[in-house]
Amino acid sequence: MNIGSFSFTRAPFFLLVGFLLVIGIVLTLHRHWMYEVPLVYGETQTIWSVEAKVEFNAHGGPVKVSMARPSAQDGFTVLKEAGASPGYGLNFMDGNEPRAEWTVRGAKGKQELFYRAEILVSQMQSGADLPPPAIDPVSWPEPYASAVNEVLAGAYATSADNYSLTRELLKRFQEDETAQHIELLRTHYADQLPELWVEMLHKARVPASVVYGLNLQDGRRRQNLMPLLRVWNGNDSQIFELPGEKSNASVLLAADTPLLLWEQRGAPVLDVTGGTDSSIRFSMLKREESTYANIAENLSSQHDFLNFSIHSLPVEEQAMFKTILLIPIGALIVCILRIIIGIRTSGTFMPVLIALAFIQTSLVTGLVGFLLVVATGLFIRGYLSRLNLLLVARITAVIITVIAIISIFSVLSYKLGLTEGLKITFFPMIILSWTIERMSILWEEEGGREVMVQGGGSLLTAVLAYWAMSDPWVRHLTFNFIGIQFIVLALVLLIGSYTGYRLLELKRFKAFGS
Amino acid sequence: MFTLPWRLERRGILGMNRRNISYISRYNPRRLYPLVDNKLKTKLLAQKAGITTPALIGTIQSQHDVSLLAELLRDVPGFAIKPAKGSGGKGILVLSRYDDTQYVKNSGTLVTLTELQRHVSNILSGLYSLGGSPDIAIIEELIEFDPQLGGYSFEGVPDIRVIVCRGYPVMAMMRLSTRSSDGKANLHQGAVGVGLDIATGRPLKAVQNGLSVERHPDTGRELSELVIPRWGQLLELAARCYEESGLGYLGTDMVLDRRYGPMLLELNARPGLTIQVANGCGLLPRLEIIDALSDADVARPAAERVELSRQWFCAESELRTETTL
């Protein structure tokens, strides 16, 4: 008998565990062999599933919806496309301006149309050369015309070609915000700055258009397109990011997210006739697959029962599942730490929720944010405990306090230029409030040491769970192989029947060791 | 820093996982937990079975009744307020009367009636109960602990924990509060744990914060001289809690009152493991003897079970003066 001893009296139990293990392994291998999904992370090509969801209110008459579709471009190939739209006729129009067109004789009320594209990341792919658009004559009323001329003349003087002119122009709008001309134009064309820049470039005889791109980030939902500037120099063209866009829409995005151009020509992204209040939102999801798997998937019918997997869900739900399927891994870590190691945490699965927040915020930001919020919360909770409040009201007060703290930290860090600080909002606030309440009671009853032990234990668990859950191998396996869930379940059952000593008990009872 | 698992195994140390699987979930049916997790239910059960418990002065069940507290305490010289569902001694306040609106703690701190009402209100809203569920406050008469135990405790009442497995007392320990435990009898807060021989009630070993001690750190009394009066009666009371509660793995907390003798304070369905450290020996060998007993053995009357336990579980004292005798 030693530390690894299990109680061997329950044959049905071990049968169940064995059964689960076998199912898990068989499902995993089946998916690996039949669908060529690689077990090893990295031997793959990256495929993005991007889903566009068009919503609008139809008036009752005929409806025509025309949406721009992405086409092959530098770094990306469109593998396949599909649309979902009950009752609508759907046509994909190719050519210079690839578009999807939905049409119906009569529709009334809220309508939802889906378009999904599988986009393969390939470094070899380069976009077709697009001819420059025609330059339309433009004019502005005074005093804007002279302001435009002034700014343009300055930018023209300090540039050599079309691209450098664009850079100089954008730089002026970014840096000289207080200059009189810029301020005048900024205020008057506040909503149409990209269009203004295109017109200004046209005025300087530079072919340019506003195009729309999508920042690809795994698991994002309800995203908007980002306007960009495309400028031609002969038949050659370049994409320019617009000043101001980066700091607003994509402030939370990592710096190196790939940019997919959704619309490359300057045509409208969405055009709805017969409806109003239209909007378009994007969800996206990254997955790693071998190229053969894609071909196989294209060939096979979609009704294969054993291919029963979350990959048949819409991208938006898949993105959600990508996170959900990681939770068992975090919970497994908690099981190991509590049952095998014997670490004490405050709240059993609180560390998993904190780890999920860490995934959104990145580890260091998350740790600093967590400690700041909990420390400040404990301080304020100390005052609340003197007010003689009833429990539920006190916790509500703590919740409001936590929200206030988070708001203040967000604003403060933003003002200081630390956009990382905004990520603090990813923390589950109710959980944080309960943590603060529990820690505070613990402090009063057991003293600061116990708070450190349990708080430290919780944080350690959260960090380990974070590491496990953010590991690309783990993410790859949990998302692509549903069988892993059965294996995790079997492991948890085994851990649940472990009757040996916990690691920390070897320390607790060390007096008996001699 | 760490010892090796097989060394603990050889000494028969019961670990947390084993306790949970092999004893608590095996012998304690979940539906019986409310009986022991609620001190009021335990008390009523004990009273019905003729097991002595501290007399009940009254209960406060709703926030509205908090204002009746002064009325309830009008003629009471001393009392203890407890949350019915509290655990680990949380939320227990022991007070003596000072004047109409003030009470005094053992430590000499004055507590006003308003503070007391706030404390009761906290109890009712579930501050001390498991999972924060609404609770009720119990007010009990003070225990006047046996003078033979004088000098063995700082401020608090020393209590005796007996682990009862299938009705047989298997291990016992006395918990003495100290200055550093703030008058509380919780070992992890710095109280002294004294292992007691099941056969005789004599002290075997004493520990504070995991280290062996010979004397009470505050009063300086030699712990080896500790004698528990009416030991047999106390064990029998503990053993009877098995029939009354139906729990096969039970921690009984007893006190010795000057007037009424051994009394039951509370029952615990998940008794801790530190008792092994205080006794200097593991629970497993003793529990295995009990595991092997037939149902007929378990059905014996409490007095017989105690007699058997006292024969089986006698131990040598590690305390110094005992060995010089």
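Rule-based calculations on the coordinates, nothing more; no lab input. Given the structure is predicted, the values throughout are model-derived calculations rather than measurements. Cβ placement follows ideal geometry from the backbone for every residue including glycine, while neighbour counts extend to all protein chains displayed.
Secondary-structure-derived ellipticity at 222 nm for chain B, considering helices only, amounts to -7000 deg cm²/dmol, per-run term -39500 (n - 2.57) for DSSP H runs with n ≥ 4. Using only alpha carbons, chain A has a radius of gyration to Kirkwood radius ratio (Rg to Rh) of 1.05. Subtracting the Cα-Cα distance of residue B:107 and residue B:243 from their residue separation scaled by 0.36 nm leaves 45.1 nm.
Placing a label point 7 Å from the Cα of residue A:16 along the Cα-to-Cβ direction, the residues of the stretch A:469-499 whose backbone N falls under 14 Å from that point are A:489-498. Put in line by how crowded their Cβ is, counting other Cβ atoms within 10 Å and starting with the fewest, B:129, B:309 read B:129, B:309. For the stretch B:244-287 versus the stretch B:125-171, the inter-centroid distance based on Cα atoms is 10 Å. Each part gets one Cα centre, and for the stretch B:197-211 versus the stretch B:1-73 those centres are 22 Å apart. Dividing the helix sum by the residues of chain A, where each DSSP H run of 4 or more adds -39500 (n - 2.57), gives a mean residue ellipticity at 222 nm of -14500 deg cm²/dmol.
Near residue B:213, the amide H atoms lying under 5 Å from its own belong to B:206, B:207, B:208; only residues 5 or more places off or on other chains count, and H is placed 1.01 Å from N.
Here r is the Cβ-Cβ distance between residue A:452 and residue A:429 and R0 is 25 Å; the resulting FRET efficiency, rounded to 0.05, is 0.60. Listed from fewest to most Cβ neighbours within 10 Å, the set A:140, A:102 follows the order A:140, A:102.
Neighbour counts of other C-beta atoms within 10 Å: give me A:168, B:316 arranged from fewest to most. Taking fewest neighbouring Cβ atoms as first place, the list is B:316, A:168.
Summing Cβ point charges (Lys, Arg +1; Asp, Glu -1) relative to the Cα centre of the stretch A:5-136 gives a dipole of roughly 760 debye. Between residue A:222 and residue A:386, what FRET efficiency comes out of the Förster formula 1/(1 + (r/R0)^6) with R0 = 41 Å and r the beta carbon distance, rounded to 0.05? For residue A:386 and residue A:222, the calculated efficiency is 0.40.
For the stretch A:420-433, the Karplus equation 6.51 cos²θ - 1.76 cosθ + 1.60, evaluated at θ = phi - 60°, returns couplings of 3, x, 5, 5, 4, 5, 6, 5, x, 6, 5, 4, 4, 5 Hz by residue, with Gly and Pro reported as x. Rounded to whole numbers, the Karplus 3J(HN,Hα) couplings from phi for the stretch A:48-63 are 9, 9, 10, 10, 9, 10, 9, 10, 6, 9, 8, 8, x, x, x, 10 Hz, using 6.51 cos²θ - 1.76 cosθ + 1.60 with θ = phi - 60°, and x at Gly and Pro. The equivalent ellipsoid that matches the C-alpha gyration tensor of chain B spans semi-axes of 33, 23, 18 angstrom, in descending order.
For the stretch A:324-508, report the % of Cα-Cα distances exceeding 31 Å. Roughly 24 percent, once rounded to a whole number. The value given for the stretch A:138-190 is a Kirkwood hydrodynamic radius of 11.3 Å, derived from the mean inverse Cα-Cα separation.
Mean partner shielding of peptide A:384-391, defined as the number of other chain Cβ atoms within 10 Å of each residue Cβ, is 3. The slack between residue B:118 and residue B:47, meaning 0.36 nm per residue of separation minus the straight C-alpha distance, is 22.6 nm. Expressed per residue, the C-alpha convex hull volume of the stretch B:55-141 stands at 82 Å³. Computed 3J(HN,Hα) for the stretch A:79-96, one whole-Hz value per residue from the Karplus formula 6.51 cos²θ - 1.76 cosθ + 1.60 where θ = phi - 60°, is 7, 7, 9, 8, x, 10, 6, x, x, 9, x, 10, 10, 9, 9, 9, x, 5, glycine and proline marked x. One Cα centroid belongs to the stretch A:136-154, the other to the stretch A:462-507; the line between them spans 64 Å. Summarising the amide proton neighbourhood of residue B:199: residues at separation of 5 or more, or on other chains, whose placed amide H is nearer than 5 Å comprise B:315.
Pairs exceeding 25 Å between alpha-carbon atoms, taken from A:510/B:90; B:85/B:184; A:53/A:203: A:510/B:90; A:53/A:203.
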